[in-house]
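Each value in this text was obtained by applying a stated rule to the coordinates, not by laboratory testing. Worth saying up front: this structure is predicted, and the values here are computed from it rather than measured. Every residue, glycine among them, receives a Cβ derived from its backbone with ideal geometry; neighbour counts consider all protein chains shown.
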């Protein structure tokens, strides 16, 4: 059983029993089961949009069923220790945000061990460049472009927002982002203990400037407004060292930051709470969609 299945299993058993769906648990992973609950009436999907030439450089775009003129656009990056993940598994995130009027791009990116840092950041920047170039044709405003991520994906989003090297390489700057959202992100994780992450960052040769907290201290005055959410009980990414310290650092240097840690979720169920069956755990969707839909400053 994977860590993801373990994290969801107990919480989902009660819900499945109430709906008479317990037999499906043996046949479906929690993500597939949650995605099976996604409403088809809230959105349309433009799948398999290439933002580069590699098979992993593709994205799915979730469009609100009722388009809003000048809608915000969110580019979402999922987690998985930079070594696993598929955009199709995060249909529930695309639907959740699209149901709130947000054009949402769920992007794959190349993974370790096939690549190493900073290739996944380069891919993420290419995906954001593609989103900016297609925003108007997708019904979104280029001035309301956000990056959003969970776990390793929150790291990707943070580095695009805080370290200008990556967007500069695609002829953009962090100032072109209307904001960014990090969910349970690792922002200060040296030294590296996780074997998969050691490979992804070539530990112990990992550069110090690979850390979002380092970049925040250097570039905070140019950082876009920020929403940081986490789980108090997160046993994978320490929320005090990462979420709270980054929030305090950015705020002290003048960046507009909203931050909250929730009690009833874990590292995994924090993103799971975006899905309809788990929204009672924490108001993650309300916080994220409220941030993205706020009028431009």
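The alpha carbon convex hull volume per residue for region 91-205 rounds to 111 Å³. Averaging the Cα positions of each part gives two centres, and for region 151-180 and region 220-297 these lie 17 Å apart.
The calculated FRET efficiency for the pair residue 205 and residue 39, based on their C-beta separation and a Förster distance of 30 Å, comes to about 0.05.
Its residues counted as N, the chain yields a C-alpha radius of gyration over 2.2 N^0.38 Å of 0.93. For the peptides 106-112, 31-37, the ranking by packing is 106-112, 31-37, with the highest mean count of neighbouring Cβ atoms within 10 Å listed first. Per residue, the Cα convex hull of region 245-297 amounts to 79 Å³. Projected onto their three principal axes, the Cα atoms of region 152-297 cover extents of 41, 40, 28 Å, largest first. Taking 7 Å steps out from each Cα toward its Cβ at residue 221 and residue 194 produces label points 3.4 nm apart. When each of the peptides 53-62, 152-161 is scored by how many other beta carbons lie within 10 Å of its residues on average, the order from highest to lowest is 152-161, 53-62. A straight chain from residue 84 to residue 175 at 0.36 nm per residue would run longer than the Cα-Cα distance by 29.8 nm.
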